[in-house]
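Below is one structure, written out as structure tokens, with a few remarks after it.
The values are calculated or read from the model by the stated rules, or taken from the named source; none is laboratory data. These numbers were taken from a predicted model, which means no experiment stands behind them. We place every Cβ from the backbone using ideal geometry, glycine too, and count neighbours over all the protein chains shown. Remember, those area values only see protein heavy atoms, side chains included, never the ligands or the DNA or RNA. Shrake-Rupley method; radii C 1.70, N 1.55, O 1.52, S 1.80 Å.
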Amino acid sequence: MKRFTDLVNDCLPHIAEDFPWDVEERLGGDTAPLIIDIREPGEFDAMHIDGSLNVPRGILESACDWGYEETEPQLASARQRDVVLVCRSGNRSALAAHTLQLMGYRETTSMKTGLRGWNDYELPLVDKVGRTVPVEEADEYFTTRLRPDQVEPGSG
């Protein structure tokens, strides 16, 4: 049986990863990458990189292709474009980067450390109305809080 971390670790040798400062630098370049935030809409609304496109992981494959209700034209036409996938920690985005590569995307990377790392580097995040989210507020939001029923029995 594979666990979530096993799936992530299995795909890491097959994808490229960039740290947040690398992504920031590329955003300031002549041909900025397309930033795809694969978190759920509520997560995206709370805070995201300004200008990123929200394509939740659950609809990623159909959003990448033409002919579906979930098709995102900007993403479906980006198979030759620099695409950076982001999530909270860099795990879901690693899986997503691998999926996009399987679907023919040539310049796909996952942002290592995710938006947590982006915030740790004190790079700007905005909420759904465009307000800049203070670093401390984002720190609080990204703090992991597991309920007792989410911890594996016998592990503590």
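Quick notes on this one:
- Meets criteria (in a strand (DSSP E or B), open to solvent by 20 Å² or more (accessible area, probe 1.4 Å) and closer than 20 Å to THR113 by Cα) for GLU43: no
- Total residues in the range 90-122, condition closer than 17 Å to ASP10 by Cβ and either of a type in the set (Gly, Ala, Ser) or modelled with pLDDT under 95 (or both): 6
- Condition met for LEU125 (within 15 Å of the chain's Cα centre (by Cα), of a type in the set (A, V, I, L, M, F, W, C) and over 23 Å from VAL8 (Cα atoms)): yes
- Among residues of the range 19-37 that are more than 21 Å from SER77 (Cβ to Cβ), none has a Cβ under 9 angstrom from a residue that is at pLDDT below 95 and surrounded by 14 or more Cβ atoms within 10 Å (Cβ to Cβ) at a sequence gap of 6+ or on a separate chain.
- Flag for LEU60 being modelled with pLDDT of 95 or more, out of contact with any Cys (no Cβ under 9 Å at 6 or more places or on another chain) and open to solvent by less than 40 Å² (accessible area, probe 1.4 Å): yes
- On inspection, PRO33 does not qualify as open to solvent by less than 70 Å² (accessible area, probe 1.4 Å) and closer than 23 Å to ALA138 by Cα.
To keep it simple, each residue is scored yes or no on (1) of a type in the set (Phe, Trp, Tyr); (2) touching a Leu at 6+ places or on another chain (Cβ under 6 Å).
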| residue | (1), (2) |
| --- | --- |
| TRP66 | yes, no |
| ALA96 | no, yes |
| ARG116 | no, no |
| LEU123 | no, no |
| VAL133 | no, yes |
| GLU136 | no, no |
| GLY154 | no, no |
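- Test: residue in the range 122-138 that is in contact (Cβ under 8 Å) with a residue 24 or more places away in the chain, in contact with a strand residue (DSSP E or B) (Cβ under 7 Å, 6 or more places away or on another chain), open to solvent by 70 Å² or more (accessible area, probe 1.4 Å) and outside any helix (DSSP H, G or I): yes
- Residue in the range 98-109 that is touching a Lys or Arg at 6+ places or on another chain (Cβ under 9 Å), under 26 Å from ARG131 (Cα atoms) and either assigned to a helix (DSSP H, G or I) or not aromatic (Phe, Trp, Tyr) (or both) present: no
- Of all residues in the range 18-38, those being part of a loop (DSSP other than H, G, I, E, B), within 16 Å of VAL83 (Cβ to Cβ) and at pLDDT 95 or above number 2.
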